[in-house]
Amino acid sequence: MTKHQNTQNTQVTVVGLGLMGRALAGAFVREGLDVTVWNRTASRADDLVAGGARRAGSVREAVEAAGPDGLVVVCLTDYDAVREVLDPLGGLLDGRVLVNLTSGTSTVARETAARVAAAGGVYLDGAIMATPDGIGAADATVLLSGDFGAWTRHEKTLRLLGGRTDHIGDDHGLAALYEMGVLGLMWGILNGFLHGAALLGAAGVRAEAFAPVAKQGVATVAGWLDDYARRADAGDHGSPEATVETHLATMNHLVHESEALGVDTELPRLVRDLAERAVAAGHGGDEYSVMIDVFRKRVGTSS
Ligand code: FVH
């Protein structure tokens, strides 16, 4: 077990030892922190206790172990579980910093922040953009939003969760919104890859042969995002590299190809129908970045 001088004797409590919670607690244990853990199913703490963590008999005992101005990290299935675990604590949170790394919406993050504040605690909401085995790695991203003072107080400890851990703003809902944005991007890429692999599979091509070409395609499109961001912020969709109409023509090819090969057409149809709404609203000659206004419901709102 390695010990960093600057975090030795730092107390931290972790509530929730599922796949992710165990990874979070494990990162703190590996750095030699004074770690207390609690989980509804107590046996999930066994390996962490063997590694030096202390098992609390209750959530109350776990939170008390964090010390009067300590750090409590929560990672449970959902916010209903968070509420079930925290609400009985009442004023015990007083002065403590509670970092909630459970996934949820920005609305429920802000509501939870208000409840924690009412109990005297200070709240940071977080979004983990890594899998459990990536926790603690230099490229692991954990975004935190909420009280900046709480962040600066525990920054050294929280940065142990990943090299790209950072505070992104005071609005408690921000981390959740970033997580929603990245998850939407993730599913778009994964669904696109798997749909493409289904198409190629119909022609006898293995997904492993498609993967290198797909990764190059993802890298190429990633290179467009800075310009799309500028266009989206400026509302500037002129001087197109490729118009919505050009995209729409090839979207029809994808629908027809999928039909011909017996591959599901629902995803390509959805993409095409969205583009058709932009064209019908007079934006066929614009850069594809204008689609942000379809998503903002400023253009081509569905009937
Ligand atoms: N796993 C991942 O890769 C992703 C990465 C991005 C962030 N997510 C979010 O992290 C939250 C926890 O996810 P998880 O993968 O650790 O989930 P599980 O392994 O199913 O563990 C769930 C823990 O929650 C406890 N729990 C559930 N309901 C209650 C409750 N009512 N009272 C107390 N604890 C509860 C559960 O306890 P037990 O079943 O072991 O007794 C686990 O500790 C999640 O928001 C992901 O979206 C992970």
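The values are calculated or read from the model by the stated rules, or taken from the named source; none is laboratory data. This is a predicted model, so every value here is computed, not measured. Cβ: placed from backbone, ideal geometry, glycine included. Neighbour counts: every protein chain shown.
Below, the figures for the structure above:
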| read-out | value |
| --- | --- |
| Filter result (in a helix (DSSP H, G or I) and closer than 20 Å to Asp125 by Cα) within the stretch 27-78 | Ala27, Phe28, Val59, Ala62, Val63 |
| Scope the stretch 256-303; condition more than 21 Å from Leu190 (Cβ to Cβ), in a loop (DSSP other than H, G, I, E, B) and not basic (Lys, Arg); matching residues | Gly262, Gly284, Gly285, Asp286, Val299, Gly300, Thr301, Ser302, Ser303 |
| Filter result for Arg60 (among the basic types (Lys, Arg) and surrounded by 15 or more Cβ atoms within 10 Å (Cβ to Cβ)) | no |
| All positions within the stretch 158-211 that are of a type in the set (Val, Ile, Thr) and in contact with a Ser or Thr (Cβ under 9 Å, 6 or more places away or on another chain) | Thr165, Ile168, Val182 |
| Residues (of a type outside the set (Gly, Ala, Ser), within 8 Å of the ligand (Cβ to nearest atom) and outside any loop (DSSP other than H, G, I, E, B)) located in the stretch 16-26 | Leu19, Met20, Arg22 |
| Looking only at the stretch 133-157, and only at residues there that are surrounded by fewer than 18 Cβ atoms within 10 Å (Cβ to Cβ) and closer than 15 Å to Leu19 by Cα, the one that is farthest from the chain's Cα centre (by Cα) | Asp133 |
| Met20, sole failed condition from (1) surrounded by fewer than 17 Cβ atoms within 10 Å (Cβ to Cβ); (2) touching a residue at least 24 places away in the same chain (Cβ under 8 Å) | (1) |
| Residue check, His247 outside any helix (DSSP H, G or I), modelled with pLDDT of 95 or more, under 30 Å from the mean Cα position of the chain (by Cα) and not aliphatic (A, V, I, L, M) | no |
| Odd one out for Ala197, checked against (1) part of a loop (DSSP other than H, G, I, E, B); (2) surrounded by 15 or more Cβ atoms within 10 Å (Cβ to Cβ); (3) not hydroxyl-bearing (Ser, Thr, Tyr) | (1) |
| Residue match in the stretch 44-54 (condition: among the charged types (D, E, K, R), closer than 27 Å to Leu183 by Cβ and within 22 Å of the chain's Cα centre (by Cα)) | no |
| Residues (of a type in the set (Gly, Ala, Ser), within 16 Å of the ligand (Cβ to nearest atom) and not in a loop (DSSP other than H, G, I, E, B)) located in the stretch 102-133 | Ser106, Ala109, Gly126, Ala127 |
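Condition check ((1) within 15 Å of the ligand (Cβ to nearest atom); (2) in contact (Cβ under 8 Å) with a residue 40 or more places away in the chain) across all residues:
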{"position": "Thr13", "(1), (2)": "yes, yes"}
{"position": "Trp38", "(1), (2)": "yes, no"}
{"position": "Ala50", "(1), (2)": "no, no"}
{"position": "Ala56", "(1), (2)": "yes, yes"}
{"position": "Val59", "(1), (2)": "yes, yes"}
{"position": "Asn100", "(1), (2)": "yes, no"}
